[in-house]
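*Asks:* Quick one: this structure, given as structure tokens, is what I'll be asking you about.
All of the numbers you see were taken from the coordinates with simple rules; none came from a lab. Source: prediction; values computed, not measured. Every residue, glycine among them, receives a Cβ derived from its backbone with ideal geometry; neighbour counts consider all protein chains shown.
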Amino acid sequence: MTHNFNRLYKICIVGDGAVGKTTILHQYVDDKFVEDTKVTIGTNLFIKRITLPNKNVQITLQIWDLGGQERFFAVRPNFYAGAHGIIYTFDLTRRFSLMNLSKWKEEIERVIKQKPSILVGNKLDLVDGDMNRPILKDEGLETKEELCASCYIETSAKENIGIDKVFLRIAQEIFDSEVR
Ligand code: GDP
Ligand code: MG
């Protein structure tokens, strides 16, 4: 016997400005890379329907992106309310964007309790094969532990590397946390 489930998951993608959040979402949802994403005013909302592998589970992902409002402290608490999962994002070429993620986590957890989350290191195309990478993979893995995130994925929104995996994984984590 099969059961069909329909779920709506609200996911927030957070991280410093210019780490590539909006570009990741455009790549995932529209299958394209958008150069110079405009700094939009207000929250971007991206919708994508997926099916978890080997389970008859249909999930609608509703992914919220700050749309250039990363700097505006006052608007952010509303943004987190009701989130089922969090995607923490940093830029593999900018160490500060990695260090700041603990502040993002603190802020989120003042509004909602800890949620399933994953860590994404973006712009892999800029550092791949570089022996002197600014941020080593092990540092990403350490930060993942510090954030209590369930996995660390390196992506390139430009070259469409790892992007689908990010969303499949966060959906899976949320699903598993619900049925546990
Ligand atoms: P956001 O502020 O976090 O939403 O960042 P954006 O999505 O606006 O991206 C900031 C800049 O980084 C833009 O110029 C993007 O074209 C560029 N960018 C985003 N992702 C990648 C990537 O994977 N590789 C490279 N090389 N550039 C990227
Ligand atoms: Mg943006």
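*Asks:* Under a point spin-label approximation (7 Å from Cα along Cα-to-Cβ), what is the Cys151-Ile47 distance to one decimal in nm?
*Replies:* Roughly 2.7 nm, to one decimal.
*Asks:* For the chain, what is Rg from Cα atoms divided by 2.2 N^0.38 Å, rounded to two decimals?
*Replies:* This ratio for the chain stands at 0.99.
*Asks:* Further question: Once the dipole of the chain is set up with Lys and Arg at +1 and Asp and Glu at -1 on Cβ about the Cα centre, which of Val127, Ser97, Gly82 lies farthest towards its positive end?
*Replies:* So the residue furthest toward the plus end is Gly82.
*Asks:* Convert each backbone phi in the stretch 151-160 into a coupling constant with the Karplus relation 6.51 cos²θ - 1.76 cosθ + 1.60 (shift: θ = phi - 60°), then list the ³J(HN,Hα) values in order as whole Hz, x for Gly and Pro.
*Replies:* Ordered by residue, 3J(HN,Hα) equals 7, 10, 10, 9, 10, 10, 6, 5, 9, 6 Hz.
*Asks:* Also, quick follow-up: Can you pull the one-decimal nm distance between simple spin-label points at Glu159 and Thr60, each 7 Å off the Cα toward Cβ?
*Replies:* 3.6 nm
*Asks:* In the stretch 42-145, what is the volume of the convex hull around the alpha carbon atoms, normalised per residue and reported in Å³?
*Replies:* So the per-residue hull volume is 141 Å³.
*Asks:* Something else: Test of understanding: what is the full-extension gain from Asp176 to Phe5, defined as 0.36 nm times their sequence separation minus their Cα-Cα distance?
*Replies:* Stretched out fully, the Asp176 to Phe5 stretch lengthens by 60.2 nm.
*Asks:* I would also like to ask the following. Given Gly20, Thr155, Val111, which one lies farthest toward the positive end of the charge dipole of the chain, if we put +1 on the Cβ of every Lys and Arg and -1 on the Cβ of every Asp and Glu?
*Replies:* Val111
*Asks:* Using amide H atoms built in the peptide plane, which far-off residues or other-chain residues are under 5 Å from Glu154 H to H?
*Replies:* Residues meeting the criterion, in which the H sits 1.01 Å from N, are Gly121.
*Asks:* Which angle from 0 to 90°, rounded to the nearest 10, does the C-alpha axis of helix 137-146 make with the longest principal axis of the chain?
*Replies:* 60 degrees
*Asks:* Where the only charges are on Cβ atoms (+1 Lys, Arg; -1 Asp, Glu), what is the dipole of the chain about its Cα centre, to the nearest 20 debye?
*Replies:* Computed charge dipole of the chain: roughly 600 debye.
*Asks:* Right, something else. R0 = 22 Å: FRET efficiency of Glu109 with Leu136, Cβ-based, nearest 0.05?
*Replies:* 0.25
*Asks:* For the stretch 124-131, in order, what is each residue's ³J(HN,Hα) by Karplus, 6.51 cos²θ - 1.76 cosθ + 1.60 with θ = phi - 60°, in whole Hz (x at glycine and Pro)?
*Replies:* Working through the residues one at a time gives 4, 4, 7, 10, 4, x, 7, 5 Hz.
*Asks:* Which lysines have a Cα lying under 26 Å from the Cα of Lys113, excluding residues fewer than 8 positions away in the same chain?
*Replies:* Output for Lys113: Lys10, Lys21, Lys48, Lys103, Lys105, Lys144, Lys165.
*Asks:* Over the chain, what is the mean sequence separation of C-alpha contacts under 8 Å (at least six apart), divided by residue count, expressed as relative contact order in percent?
*Replies:* Reported relative contact order: 25 percent.
*Asks:* Moving to a separate point now. Which three lengths, in whole Å and largest first, does the stretch 103-180 cover when its Cα atoms are put on their principal axes?
*Replies:* Principal-axis extents of the Cα atoms in the stretch 103-180, largest first: 40, 25, 18 Å.
*Asks:* Continuing with this model, one more query. Can you pull the one-decimal nm distance between simple spin-label points at Ala81 and Asp125, each 7 Å off the Cα toward Cβ?
*Replies:* If labels sit at Ala81 and Asp125, their model points lie 3.8 nm apart.
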